[in-house]
Amino acid sequence: MTLNGPSKIYHLKPVFQLPESLEPKCSMYNMKNLHQPASRKSSVGKSTDNTADDSNENKIISEVLKRQEELIRHLQNIQSKVTDLKQELTNASSSVSSVKTKSSVPGGSVGKKDTKSTSNKNISLSNNGPVDIKNIIDKNIVINLSPVRPAYSVLILPHLWHNGFNTDPTIHVHSSVSQVPSAFSKKSQSSQVGNSASPLNLRLIWKDVPDTELISSPIKASPLLGEVSMLRLFHRLLCPTDSLSIEHQIVVDSALDTCHQLLYATQKNTAFALAKKLAEYLGSTEWMLGSSSLSIVDAAAWSAILNNKTISPNQLGPNVTKWSQKISALAGINENTRK
Amino acid sequence: MIKFVSQIPKESIVDIHAYVKATPTKVESCTQKDVELSILEVWVVSTAKAQLPLLIEDASRPITDDAGLSTVNQDTRLDNRVLDLRTPANHAIFKLESGVCQLFRETLAQQGFIEIHTPKIISAASEGGANVFTVSYFKNNAYLAQSPQLYKQMAIAADFDKVYTVGAVFRAEDSNTHRHLTEFVGLDLEMAFKYHYHEVMHTIANTLTQIFKRLKNEFQVEIAAVNVQYPCEEFTFLEPPLILEFFTAVDMLKEAGVDIDYYDDLSTPNEKLLGKIVKAKYSTDFYVLDKYPLAVRPFYTMPDPLNAGYSNSYDMFMRGEEILSGAQRIHDANFLTERAQEHGVELDKIKSYIEAFQYGCPPHAGGGIGMERVVMLFLGLDNIRKTSLFPRDPKRLTP
């Protein structure tokens, strides 16, 4: 530090020095100035290199067009492949005969490049059983059961998916609940089938909640509400092959919605009308929607009818009674003690 | 008479001769609104000082009351604990605390446990040496017991099968936190098992669940009284209690973005966070973590025979804070010596501990619970000093 002349003020060295010129960092992209060509374009006649700019633009447009055509060709290619695959699949599995197959795939839902590989995966999965879903969802799943609307379908989960769940789900009673429905307390859990290496690990908690809640990870997702949503999730996780037939999915969905409505129906007339609708789904077949085996629709409908105190399977015809008794036997509960 | 009555200081003890009369209009300033006393005579039995260090109304004001009225801070309360304890909330807290001890004894007695009393003046530090108070003992030094563990284990070695003890425990830890005291009441139990240490773990966890259940049913009035002054969410638990393995807990923390290893101990903030995650998923404030890493447990903890690096030990949590730490203990003198050497514990200091296992000892496990912590966390209070009648911490020896 030196004295700066007679004024007795100290002269400070600069703390830092700016370089003479600032070089743009090479880690950043050099962007085109958006405003410059536009302003030039607006002032037509003034500039001399107008034509050069236009040709440049044409070049870009033609390039984009070329790429677009290429993409469209690629998509068409994929579409034809998917259609072939679909035909192959319907020929192979005659069990899905009740469902009509459409010749073309809805364009919107078709993914771009991955489509081929995922559908391939699905086909192979139909032979190999459930996917390794460890990476998709937390293995440890908690189901909060409501004593108001007990999800009876939980009792037959192991019959729906044989290797999907742990052998012996732990059942807890939350401090907000004092009594558990008798159908559940009588049920001996040891009779359930499954194995310890199963993809999903269930823990059931009786809690004072208005409806069934499913929690897999409180950090990643909010609880899934409703028994029907729970069955849908399990179906999606454990039977990924079914996702192929969209029409079937829609029919299943509307049946499941009816079950959900029945759970919340308070008036006798509405409840009976909804139950009648479910009985129609069963018709004279062994399982709901003419399925060859027990499905989630059976589980949901059975639970909804059990839950509703105003209706009994006897009112819905002999086939419904037979069907309901068969599921109750699988679940190991006595229908008469439920209410 | 009115002049005389108005001169009696607040908090004095009086005898009153009066008629009980129905009131024409409701009395709004009292809890008893429908009747009043028509006084004939007033006698002062014991006068209080005219100047009170704190007013009971101030001390029992709800913490959520933000009308700008004065409240009493924690230190003033503790300095004048006799007055402070007169508040309805404090009465309820200590009734509930008495309930915890009573239920602990009852529940264990029903299961065939017997109560033992262990010495509090001991010749050697029970857990390796740190954190003990030294007292002069005639011409030598002695220590205050920091855990009754050795004596519980000796009772097991003496074929007592199932024992518990309720008594003072001393920790010379200079930590001034909301959950540490230098003297507290330990509820300790130890039990011999037949096949697996989970027999013991389930016994302890079920005992605690039973206690919570009965507290909830039998102490509703007290819980409500505490809630008036210190509102908090109701304590929730599951029956049977939730038992998670340590690695599952680490997985849950990892999912929440915590950088933690499978062999690390849980830090206090991580324990709190885990408590929140567990509550969100399993809706319980009470849970057990099983299978802690061997490296973070004391030398006498039995290693897990199936998973190297883990041990047969468990911690229990309430509202994300640890209330119990327990494990299967090594019952073989030679193996204990070996483990002590691996941990670098001086063998001279634990000679008597190892000697206890030389004449045969059944496999056993146990744990110790801090009574004050259980009450604090059950009621959702923010400070352990609120649940100790006359708390002792590094800065307080009186009253």
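Put a plus charge on the Cβ of each Lys and Arg, a minus charge on the Cβ of each Asp and Glu, and nothing anywhere else: the dipole of the stretch A:133-337 about its Cα centre is then about 320 debye.
Applying 1/(1 + (r/R0)^6) with R0 = 60 Å to the Cβ-Cβ distance of B:F133 and A:E286, what FRET efficiency is obtained, to the nearest 0.05?
So the FRET efficiency works out to roughly 0.20.
Of the residues B:S388, B:H364, B:V374, the one whose Cα sits farthest towards the positive end of the charge dipole of the stretch B:346-399 is B:S388 (charges of +1 on Lys and Arg Cβ, -1 on Asp and Glu Cβ, taken about the Cα centre). Rounded to the nearest 500, the 222 nm mean residue ellipticity of chain B from helices alone is -9500 deg cm²/dmol, with -39,500 (n - 2.57) taken per DSSP H run of at least 4 residues. Electrostatic tally near B:I323: other residues with Cβ closer than 12 Å to its Cβ, Lys and Arg +1, Asp and Glu -1, net -3. Cross-link check: pairs B:K120/B:K194; A:K326/B:K194; A:K220/B:K291; B:K95/B:K120; A:K207/A:K326; B:K254/B:K351 evaluated at a Cα-Cα cut-off of 32 Å; pairs beyond the cut-off: A:K326/B:K194; B:K254/B:K351.
Remark: B:V35, A:V180 ranked as B:V35, A:V180, counting other beta-carbon atoms within 10 Å and listing the fewest first.
In a simple Cβ point-charge model (Lys, Arg +1; Asp, Glu -1; nothing else charged), chain B has a dipole of about 1000 debye relative to its Cα centre.
For the stretch B:138-201, which trypsin sites (Lys or Arg not before Pro) pass both filters: DSSP loop (anything but H, G, I, E, B) and at most 12 other C-beta atoms within 10 Å? Qualifying residues, ordered by number: B:K139, B:K194. Kirkwood-type hydrodynamic radius, the protein assembly as shown: 33.0 Å, calculated from all non-identical alpha-carbon pairs. Shown for A:D211, B:D161: other C-beta atoms within 10 Å of each C-beta, ranked fewest to most, produce the order B:D161, A:D211. A DSSP coil position with no more than 16 other Cβ atoms inside 10 Å describes the following chymotrypsin sites (Phe, Trp or Tyr not before Pro) in the stretch B:228-319: B:Y262, B:Y263. Model label points for B:K254 and B:Q102, set 7 angstrom from Cα along the Cα-to-Cβ axis, are 4.8 nm apart.
Spacing of the modelled spin labels on A:T321 and B:I8, each 7 Å from Cα toward Cβ, amounts to 7.9 nm.
Overall, the stretch B:74-196 carries a charge dipole of about 140 debye about its Cα centre when +1 sits on the Cβ of Lys and Arg and -1 on the Cβ of Asp and Glu, all other atoms neutral. Taking the charge dipole of the protein assembly as shown about its Cα centre, with +1 at Lys and Arg Cβ atoms and -1 at Asp and Glu Cβ atoms, the residue from A:I137, B:S29, B:I211 reaching farthest to the positive side is A:I137.
Along the Cα-to-C-beta direction of B:A22, a point sits 7 Å from the Cα; which residues of the stretch B:29-72 have their amide N less than 19 Å from that point? Those under the cut-off are B:32-39.
Any idea how far the Cα center of the stretch B:197-242 sits from the one of the stretch B:6-35, in Å? Between the Cα centres of the stretch B:197-242 and the stretch B:6-35 lies a distance of 37 Å.
When each of A:L316, A:L233, A:L282 is scored by the number of other beta-carbon atoms lying within 10 Å, the sequence from fewest to most is A:L233, A:L316, A:L282. A convex hull fitted around the alpha carbon atoms of the stretch B:88-387 yields 141 Å³ per residue.
First check a/c for the stretch B:144-292, with a ≥ b ≥ c the square roots of the eigenvalues of its C-alpha gyration tensor; if it is under 1.5, answer rounded, and if not, answer prolate when a/b is larger than b/c or oblate otherwise. Rounded shape, in that the Cα axes give a/c under 1.5.
Here, each number is a calculation from the coordinates, and none is a lab measurement. For clarity, every value in this text was computed on a predicted model and none was experimentally measured. Ideal geometry is used to build each Cβ from the backbone, glycine not excepted, and the neighbour counts take in all protein chains shown.
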